[in-house]
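**Q** I'd like to ask you about the structure that follows.
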Number of protein chains: 2
Amino acid sequence: MERIYAIGVDYGTESGRALLVDVATGEEIATRVTPYPHGVIDETLPGGSRKLGQDWALQHPDDYLEVLKRSVPEVLRMSGASPERVIGVGVDVTACTMMPLDAEGTPLCLKERRRNDPHSWVKLWKHHAAQEEADRMSEIARQRGEAFLPRYGEKLSSEWMLAKVWQILNEAPDLYEEADLFMEAADWVVMRMTGRLVRNSCTAGYKAAWHKRDGYPSKEFLRALDPRLEHLADTKLRGPIAALGTRAGGLTEEMARMTGLRAGTAVAVGMIDAHAMVPASSVVTPGKMVMAMGTSTCHLLLSEKEVFAEGICGVVEDGIVAGYYGYEAGQSAVGDLFAWYVEEAVPEYARQQAAVAGANVHEWLERKAAGLRPGESGLLALDWWNGNRSVLMDADLTGAIFGLTLQTKPEEIYRALLEAAAFGTRKIIEAFTGGGIAVDELYACGGLPQRNRLLMQICADVTGREIRIADSIQTAALGAAMFGAVAAGSAAGGYDSIVEAARRMARVRKETVRPNPEHVLIYDELYREYTELHDILGRGGSGALKRLKVIRARSR
Amino acid sequence: MERIYAIGVDYGTESGRALLVDVATGEEIATRVTPYPHGVIDETLPGGSRKLGQDWALQHPDDYLEVLKRSVPEVLRMSGASPERVIGVGVDVTACTMMPLDAEGTPLCLKERRRNDPHSWVKLWKHHAAQEEADRMSEIARQRGEAFLPRYGEKLSSEWMLAKVWQILNEAPDLYEEADLFMEAADWVVMRMTGRLVRNSCTAGYKAAWHKRDGYPSKEFLRALDPRLEHLADTKLRGPIAALGTRAGGLTEEMARMTGLRAGTAVAVGMIDAHAMVPASSVVTPGKMVMAMGTSTCHLLLSEKEVFAEGICGVVEDGIVAGYYGYEAGQSAVGDLFAWYVEEAVPEYARQQAAVAGANVHEWLERKAAGLRPGESGLLALDWWNGNRSVLMDADLTGAIFGLTLQTKPEEIYRALLEAAAFGTRKIIEAFTGGGIAVDELYACGGLPQRNRLLMQICADVTGREIRIADSIQTAALGAAMFGAVAAGSAAGGYDSIVEAARRMARVRKETVRPNPEHVLIYDELYREYTELHDILGRGGSGALKRLKVIRARSR
């Protein structure tokens, strides 16, 4: 029988990837990464010298098309798959990664007149310059008793759509007026592919406070922020919003030429990268927390119940798998934190010893750190190098290390950072279980779990839970391809639901990571210390971290 | 006129140095360092495989003689000075650095029978394994209302003589019985040089709770610790105690042969290295705080008044300069902390850039850090990598860094460590001024002030005080030589008091370091944050640091 394929296109922070998958088995046939030509724009605008502010992070929209143009033809070529056998395409992107468009759907940054205006560019998820707007918005929502607020842990993030839009209005009001639409990059790519404006329930729900029954926040609330925002939802955020797996449309002739795919190929509505990983990790039922681990970690969980608990960044009905409430929480620096450590604080001798041992520095640190017992270093860290997403939802917090002595060694610091990431995850798990939502098993996916066995063991030991690891090393792209197969539907050889697709296409590794009971006991103790310091420095016992950031901003 | 000389022999942690000085002018004619062949013994005993406990730090007594044997003849040779023109020798040693001796004055560790017993060796000042004894001793003294306790900031240190002796009694009672004497290394070296047992008021006062009028702690107190300790002061700590500058005796024939000096040359009683630096920095009057800065920093101050204030490690009448109360406080990791950072946490690229710039890593970091404004990094550190001596007197505290982000750079961390050292010094200054003792000027001496101009500027900015820097780069050895000249006396061409010797032999650099008023204001703010975190983590608001250390000890 001739094979049938779907393609997932996964847009990360630094690069995009296309993955061609066998629809019947989930077998990953070919994959190709295209680094973004412009990377993350956080110093100066392309072609300009204007210095961006602290906390700014932008992208170039052409880079997304470049991934389609380069990677999709390449996976077809590598696999030898005929375009006729590719039934669907799914697209996932980091979120909220958003941009302003003109009435023709052209990003404003591509217009000569606007290219020197930072607000015309794509604002990446980790653009944190709208903190003031986020704080005021949360405060106003709280005062007004807005029903949507508890669904987002009582705080709207500076990373999200409404804060980013409001920042544009505040800092570039004429650009705000000129914008015909604000769109998630995920929806924009799908619009470019299909010629149709269809937003998705995942980004709308998790990143723009949209609700399946109530819609976006009310006109009254938006007016309370600023009268000019009153009609935002009906105008610049307009367009139908569809659940994941919905067919947005068929590939246009132009895009068919660019990608080598057949015109009319089913394209699923866009989705968030992390959320695509849930079914791709085989999770389509409650009680199984998926940890999408990369530069940051996103924690995703399905439940039949809707509860509001501290630290839950979002709960969206049908946000991931139809029929369930999808919960999201997260840690804002995980892989990034380890990478920072290796780049900025690993001494030369460690690199030399690693080279002698034939390992890279990460591997060498992992080996040495694996030889330490829990607690042996005397170190403890608060993993807030990029603020704290869950459970404190405070981007102004910063990282800390305690217990340093003249005897402290690099592998000890490295292990303390892995442990801090695991303690942060335990805080999130306890927020869910404290809210009455069971977390029975952990599923890990993304790049880190495959590369860092010690991190997985420490996560199991700290949380006292067994961890299953997704078999795919490109889980988001697989998830996107699965939704592409659902968008194509069973009549075309795909599936009619993501549950069916998951049954056939998703896999976890046989070997699981089980907690070591001795370590669990010691980590229970260390976690009490983590909690004490977490609460003192994160909940206002000492406001020093936040005041240091104020002094820092003033001194720059 | 033919020159007259004195020699100072300065015993540090890793090496010893002889310095030959012109008595009339203080000119430093020749110097020679001899590294200790056995270094710091903190892993296994010489010739043995027995692993030492955490916090242990020992030395080999033969290493002290090795310094006399190698360095003294060498400075004579280098200078061409005739032994007849060398009128006196002074000896300073780290303290409390102590050892048990048999009735012949032989260190017990040199006896075959005892060489595998760690307690028979010289316990270095930074041997911290007697913390339990120190804690119990302080507690018992407090309960009994012992008059000596307030002179030591209400706490006796684990580094000091009584805690170290008590540890020996507890862990090796037969060795305690066998010991005929416990001696400071400074006194032992002087005894070896002169054949006479004369202790000095400086180590006895600062390190053994001895008092000019009251003597050692009472029999009743010692008995309350352990009945076997009752007669300690009269037996194993026996011997006359003389003020600094006193002639202990003349050089023996044997030692004259070993050193190339004349038999009968005046030898001053021993002294503590840091305390020798006070007159060598030209300070012989109140109001001038001397910071003896090296691996750790010792803060020394003269006053006409005796007051008791938190954080003062010791106040000893005639402890430094006769006629004044000598105050001591300290920070237990300063140069050591910066060295730890450079060794264990400076990334390879910094070394490469330093090499390209033709600088060593310390210099490169200093240059880059000097380009930062106060507060710009957002970082703050607690400088407790080796515990906190003043003002908290708690060896179980550990270091911490706050404010880390994914953008944090090595020079920012480095600067935060320099600032932490300066904040620690400001805490000490405020303890003195709060206790009614003026601190008008700062005098810096030791290796660091000459090498690290940025550290001096930050100290001036953080404390808001002008700093003078000792002209000598071997201030302790110069001070020892000055006391050697006093031991010889004016009749032999020396001096009759250290005040006279300081007038002729000590110098500070012309250029002083003045506070930058803008920086003073920002540092006032940062110091408030330092104080908040210092008090939370150091005074029991959170006991996390100490509990981490308990867990660590158990996990090893």
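The values are calculated or read from the model by the stated rules, or taken from the named source; none is laboratory data. All values derive from a computational prediction rather than experimental measurement. In this analysis, Cβ positions are derived from the backbone assuming ideal geometry, glycine residues included, and neighbour counts consider all displayed protein chains. Each accessible area value is taken on the protein alone, full model and side chains, heavy atoms only, with ligands, DNA and RNA left out. Shrake-Rupley method; radii C 1.70, N 1.55, O 1.52, S 1.80 Å.
**Q** Mind listing whichever residues of segment B:249-272 are touching a Phe, Trp or Tyr at 6+ places or on another chain (Cβ under 7 Å) and not small (Gly, Ala, Ser)?
**A** B:Met271, B:Ile272
Yes/no per residue for (1) at pLDDT 95 or above; (2) surrounded by fewer than 24 Cβ atoms within 10 Å (Cβ to Cβ); (3) within 7 Å of chain B (Cβ to nearest Cβ):
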residue: A:Lys368; (1), (2), (3): yes, yes, no
residue: A:Pro374; (1), (2), (3): yes, yes, yes
residue: A:Ala381; (1), (2), (3): yes, no, no
residue: A:Trp385; (1), (2), (3): yes, no, yes
residue: A:Leu404; (1), (2), (3): yes, no, yes
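**Q** Output the number of residues of segment B:34-61 satisfying the condition of being closer than 24 Å to B:Glu254 by Cβ and either in contact with a Phe, Trp or Tyr (Cβ under 6 Å, 6 or more places away or on another chain) or buried (at least 17 other Cβ atoms within 10 Å of the Cβ) (or both).
**A** Result for segment B:34-61: 6.
**Q** Next up: Consider B:Ser497 carefully, then state whether it is without any contact (Cβ under 8 Å) to a residue 40 or more places away in the chain and either away from chain A (no Cβ under 14 Å) or open to solvent by less than 10 Å² (accessible area, probe 1.4 Å) (or both).
**A** no
**Q** What about B:Ala395, is it of a type in the set (Gly, Ala, Ser), within 13 Å of chain A (Cβ to nearest Cβ) and open to solvent by 10 Å² or more (accessible area, probe 1.4 Å)?
**A** Yes: the conditions hold for B:Ala395.
**Q** Right, here's the next one. Which condition from (1) loosely packed, with under 15 Cβ neighbours inside 10 Å; (2) modelled with pLDDT under 95; (3) in a loop (DSSP other than H, G, I, E, B) is the one that A:Arg554 breaks?
**A** Only one criterion in (1) loosely packed, with under 15 Cβ neighbours inside 10 Å; (2) modelled with pLDDT under 95; (3) in a loop (DSSP other than H, G, I, E, B) is unmet by A:Arg554, namely (3).
**Q** What about A:Ala416, is it in contact (Cβ under 8 Å) with a residue 24 or more places away in the chain, small (Gly, Ala, Ser) and farther than 23 Å from B:Leu382 by Cα?
**A** When the stated conditions are applied, A:Ala416 does not pass them.
**Q** Taking segment A:300-328, which residues are out of contact with any Ser or Thr (no Cβ under 7 Å at 6 or more places or on another chain), in a strand (DSSP E or B), under 20 Å from A:Ile467 (Cβ atoms) and not acidic (Asp, Glu)?
**A** Hits for segment A:300-328 are A:Leu300, A:Leu301, A:Ser303.
**Q** For segment B:163-180, which residues satisfy the criterion of being in contact with an Asp or Glu (Cβ under 8 Å, 6 or more places away or on another chain), aliphatic (A, V, I, L, M) and assigned to a helix (DSSP H, G or I)?
**A** If the condition is that a residue be in contact with an Asp or Glu (Cβ under 8 Å, 6 or more places away or on another chain), aliphatic (A, V, I, L, M) and assigned to a helix (DSSP H, G or I), then B:Ala163, B:Leu169, B:Leu175 are the ones that fit.
**Q** Only one residue in B:Arg351, B:Arg389, B:Arg426 is at the interface with another protein chain (Cβ under 9 Å from one of its Cβ atoms) and either closer than 23 Å to A:Ala400 by Cα or not hydroxyl-bearing (Ser, Thr, Tyr) (or both). Which one?
**A** None of the others qualify; the one that does is B:Arg351.
**Q** Could you say which residue among B:Val278, B:Val284 is at pLDDT 95 or above, assigned to a helix (DSSP H, G or I) and crowded, with 22+ Cβ neighbours inside 10 Å?
**A** Only one candidate passes the filter, namely B:Val278.
**Q** Follow-up question, since we're still on this one. Suppose we filter A:Glu84, A:Glu74 for residues that are out of contact with any Leu (no Cβ under 7 Å at 6 or more places or on another chain), surrounded by fewer than 17 Cβ atoms within 10 Å (Cβ to Cβ) and either within 21 Å of A:Gly494 (Cβ to Cβ) or touching a residue at least 12 places away in the same chain (Cβ under 8 Å) (or both); which single one remains?
**A** Among A:Glu84, A:Glu74, only A:Glu84 is out of contact with any Leu (no Cβ under 7 Å at 6 or more places or on another chain), surrounded by fewer than 17 Cβ atoms within 10 Å (Cβ to Cβ) and either within 21 Å of A:Gly494 (Cβ to Cβ) or touching a residue at least 12 places away in the same chain (Cβ under 8 Å) (or both).
**Q** Which of the residues that make up segment A:515-534 are under 14 Å from A:Asn388 (Cβ atoms) and facing another protein chain (nearest Cβ under 9 Å)?
**A** Once the filter is applied, which keeps residues that are under 14 Å from A:Asn388 (Cβ atoms) and facing another protein chain (nearest Cβ under 9 Å), segment A:515-534 yields A:Tyr530, A:Leu533.
**Q** Please pick out the residue among B:Ala208, B:Ala233, B:Ala172 that is touching a residue at least 60 places away in the same chain (Cβ under 8 Å) and not acidic (Asp, Glu).
**A** B:Ala208
**Q** Taking the conditions exactly as written (surrounded by 19 or more Cβ atoms within 10 Å (Cβ to Cβ), within 23 Å of B:Asp471 (Cα to Cα) and among the aliphatic types (A, V, I, L, M)), does B:Leu337 satisfy them or not?
**A** Considered against the rule, which asks whether it is surrounded by 19 or more Cβ atoms within 10 Å (Cβ to Cβ), within 23 Å of B:Asp471 (Cα to Cα) and among the aliphatic types (A, V, I, L, M), B:Leu337 comes out as no.
**Q** Considering only residues that are in a helix (DSSP H, G or I) and either under 19 Å from the mean Cα position of the chain (by Cα) or surrounded by 21 or more Cβ atoms within 10 Å (Cβ to Cβ) (or both), which ones fall in segment A:120-137?
**A** Once the filter is applied, which keeps residues that are in a helix (DSSP H, G or I) and either under 19 Å from the mean Cα position of the chain (by Cα) or surrounded by 21 or more Cβ atoms within 10 Å (Cβ to Cβ) (or both), segment A:120-137 yields A:Ser120, A:Gln131, A:Glu133, A:Ala134, A:Met137.
**Q** Here is a check on your reading of the model: is A:Ser332 crowded, with 24+ Cβ neighbours inside 10 Å, more than 11 Å from chain B (Cβ to nearest Cβ) and in contact (Cβ under 8 Å) with a residue 40 or more places away in the chain?
**A** Against the criterion (crowded, with 24+ Cβ neighbours inside 10 Å, more than 11 Å from chain B (Cβ to nearest Cβ) and in contact (Cβ under 8 Å) with a residue 40 or more places away in the chain), A:Ser332 does not qualify.
**Q** Oh, and also: Given the structure, is B:Leu537 within 7 Å of chain A (Cβ to nearest Cβ) and either buried (at least 19 other Cβ atoms within 10 Å of the Cβ) or of a type in the set (Val, Ile, Thr) (or both)?
**A** no
**Q** Are any residues in segment A:354-366 open to solvent by 20 Å² or more (accessible area, probe 1.4 Å), more than 12 Å from chain B (Cβ to nearest Cβ) and not polar (S, T, N, Q), and if so, which ones?
**A** A:Val356, A:Ala357, A:Gly358, A:His362, A:Glu363, A:Glu366
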